[in-house]
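Student: Would you mind keeping the following structure in view while I ask a few things?
The values are calculated or read from the model by the stated rules, or taken from the named source; none is laboratory data. Treat the numbers as computed from the prediction; the structure is a model and nothing was measured. In this analysis, Cβ positions are derived from the backbone assuming ideal geometry, glycine residues included, and neighbour counts consider all displayed protein chains.
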Amino acid sequence: MSPGITDFFTGVLAGSAGERLADASGMIFTETALRGAFIIDLEKREDERGFFARAFCQKEFATHGLKPVIAQANIGFNRLRGTVRGMHFQYPPAAETKLVRCSRGAILDIIVDLRPESPTYLQHITVELSADNRRGIFIPERFAHGYQALEDDTETTYHVGEFYTPGSEGGLLYDDPALGLSWPLPVSVISDKDRQWKPLAEVGTEVRARMKEDRR
């Protein structure tokens, strides 16, 4: 675990939303304070060989009210500690769910609720994902997502519920004061594209309008 970073998330459990649920052979789902966003831990079956665990199940996801669709699977590799990617999203009707894990190294993952009708609109949570804790985070549609690599040579996996749609993509500035995101390390690398997202002071009205719930 990286020094000074808690291996769980800050301020994410709220009342009954913090219940941890597992079936006899599946995963452990912990809903966060942002409705519909879940931390997913493995229910490991261990023996002398190591362990075996389920990482995804359509039935279990549906039981917890999560969209059990994987349209694309992606890998992100980050050479340097301190690299930031984010904050990314797609507008409806191409809004996407994400199931994110860290398969090598460690990241601090941050998600921001962009659902205008939500009581937690523009609130965020953080969680450390690492190869050691094997934790995942399920991110609902209409959330912004980003992370910072906490170690060199960190690798992440994304299973997304919608196809990449360039005309629908959007982003928020990783250091926008209106979001109040706290990154644990100095930013060592960030893409020009991610540096050039506009602050909420300029695009907040558009984001709110375009992120209204898709009722098709």
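Student: Kindly indicate whether THR120 is of a type in the set (Val, Ile, Thr), out of contact with any Leu (no Cβ under 6 Å at 6 or more places or on another chain), in contact (Cβ under 8 Å) with a residue 12 or more places away in the chain and over 22 Å from PRO68 (Cα atoms). Working first, answer last.
Tutor: Values: of a type in the set (Val, Ile, Thr): yes; out of contact with any Leu (no Cβ under 6 Å at 6 or more places or on another chain): no; in contact (Cβ under 8 Å) with a residue 12 or more places away in the chain: yes; over 22 Å from PRO68 (Cα atoms): yes.
In short, no.
Student: Looking at the range 164-212, which of its residues are closer than 23 Å to GLN72 by Cβ, touching a Lys or Arg at 6+ places or on another chain (Cβ under 9 Å) and surrounded by fewer than 16 Cβ atoms within 10 Å (Cβ to Cβ)?
Tutor: Matches in the range 164-212: SER191 only.
Student: Among strands (runs of 3 or more DSSP E) lying entirely in the range 141-216, which contain 3 or more residues that are closer than 16 Å to TYR91 by Cα?
Tutor: Details: elements: 143-149, 154-160, 169-171.
Once the strands (runs of 3 or more DSSP E) in the range 141-216 are filtered for at least 3 residues that are closer than 16 Å to TYR91 by Cα, what remains is 143-149, 169-171.
Student: Is it the case that some residue within the range 136-150 is at pLDDT 95 or above and more than 24 Å from PHE38 (Cα to Cα)? Walk me through it before giving the result.
Tutor: Of the residues in the range 136-150, the ones at pLDDT 95 or above are 136-150.
After this cut, where a residue has to be more than 24 Å from PHE38 (Cα to Cα) as well, the list is none.
Checked against the condition, which is being at pLDDT 95 or above and more than 24 Å from PHE38 (Cα to Cα), the range 136-150 yields no hits at all.
Student: Sticking with this one: Only one of these is among the β-branched types (Val, Ile, Thr), surrounded by fewer than 21 Cβ atoms within 10 Å (Cβ to Cβ) and assigned to a strand (DSSP E or B): ILE75, ILE125. Name it.
Tutor: Working: ILE125 fails: surrounded by fewer than 21 Cβ atoms within 10 Å (Cβ to Cβ).
Matching residue, one of ILE75, ILE125: ILE75.
Student: Here is a follow-up. Going by the conditions given, is THR120 among the hydroxyl-bearing types (Ser, Thr, Tyr) and surrounded by 14 or more Cβ atoms within 10 Å (Cβ to Cβ)? Give the steps one after another, and end with the answer.
Tutor: Details: among the hydroxyl-bearing types (Ser, Thr, Tyr): yes; surrounded by 14 or more Cβ atoms within 10 Å (Cβ to Cβ): yes.
Yes.
Student: Continuing with the same structure: Hey, could you check the range 92-117 for residues that are among the hydrophobic types (A, V, I, L, M, F, W, C), touching a residue at least 60 places away in the same chain (Cβ under 8 Å) and surrounded by 21 or more Cβ atoms within 10 Å (Cβ to Cβ) and say which is nearest to SER130 (Cα to Cα)?
Tutor: Step one: filter the range 92-117 for residues among the hydrophobic types (A, V, I, L, M, F, W, C), giving 94-95, 99-100, 102, 106-108, 110-112, 114.
Filter once more, keeping what is touching a residue at least 60 places away in the same chain (Cβ under 8 Å): 94-95, 99, 106, 108, 110-112, 114.
This time we only want the ones that are surrounded by 21 or more Cβ atoms within 10 Å (Cβ to Cβ), so: 95, 99, 106, 108, 110-112, 114.
On the way: ALA95: 26, LEU99: 14, ALA106: 4, LEU108: 9, ILE110: 14, ILE111: 16, VAL112: 20, LEU114: 26 Å.
Restricting to residues being among the hydrophobic types (A, V, I, L, M, F, W, C), touching a residue at least 60 places away in the same chain (Cβ under 8 Å) and surrounded by 21 or more Cβ atoms within 10 Å (Cβ to Cβ), the top hit is ALA106.
Student: Looking at ARG115, ARG134, which is the one that is out of contact with any strand residue (DSSP E or B) (no Cβ under 6 Å at 6 or more places or on another chain) and part of a loop (DSSP other than H, G, I, E, B)? Steps first, please.
Tutor: On the way: ARG134 fails: out of contact with any strand residue (DSSP E or B) (no Cβ under 6 Å at 6 or more places or on another chain).
Among ARG115, ARG134, only ARG115 is out of contact with any strand residue (DSSP E or B) (no Cβ under 6 Å at 6 or more places or on another chain) and part of a loop (DSSP other than H, G, I, E, B).
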